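Report on the following structure.
What follows is calculated from the coordinates using simple rules that are stated; it is not laboratory data. A quick note: this is a predicted structure, and the numbers were derived from the prediction, not measured.
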Amino acid sequence: MSDSEHPEAADATAADEQADPARDGAESASSDEEFEGPRRRARRERAERRAAQQRARAIEEARREAKRRLRGSATATAARPVPRGAVRGLKMLLWGALAVVVTIGLGTALYFTPVMSVRNLEVVGLAAIDRSEVLDAAQVAPGTPLLQVDTDAVADRVATIRRVARARVQRQYPSTLRITIVERVPVAVKDFPDGPHLYDRDGVDFATGPPPPSLPYLDVDHPGPADPATTAALDVLTALQPEVVAQVGQIAAPSVASITLTLVDGRTVIWGTSDRTQKKADTLAALLTQPGEVYDVSSPDLPTVR
């Protein structure tokens, strides 16, 4: 029997032909896997292991880098650098403290030891006062450390001398104590039962004894620095020009409003009050060049001569 005579056989043959390509592909893939070979498989496995190791190392390195960044941030926050200005200020503070310590130590050594002690007492400004009188009043023992000498107290003791107007005491290192005094200068004299008393321009009675030549006599009731009449009369004498003062024999001040001067040649000056003293002194210097017996400068703008 022919194929045409058996149609079912022909259809089966066609279906087998159509299924052959798919079956052939599956069979070839299976055959490739079956025929990969041990060497190719080993290379593939090694490549896979290397890739896995590289990935693991990359992950570990990323983890370590994250830890380092975290530690670095914490350290920078906890230990910030000290500003340069603060360091400089700290150094200056330390040097200052050291200087204070050294100064205190040196001062203590000089205060309690005779390294710089009084070996020489120098007195300046003496005229009528004896040096020994000043040293006795100063009461400074030789060998006393200079820093232990109370200069103000020494000056106060020296100023108790009647003839001393002012006193100043200075340390001169290494071993000298200098005492400078200003003596009182007499400007008037007043007679008392015990003898003439000398008065300076402040009205202080500082000495008893013979007065210097040509010193005017003071005629007031209660002489002294607190007496207004005494103060007014002495202000007049100190305002007069030297050539006029040399001609004054006596100044009388029963009160501050009635001051008169008597010249050594007997002429009289009516001064009046203690106001405008300098103006009156200048007027009198010019007025005395004119002849007369009484010179009135109580009104210096309208002086008169009689």
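See the values below:
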| item | result |
| --- | --- |
| Computed over the range 151-202: relative contact order in percent, which uses C-alpha pairs under 8 Å that are six or more apart | 24 |
| Reference-scaled alpha-carbon Rg (2.2 N^0.38 Å with N residues) for the range 188-305 | 1.02 |
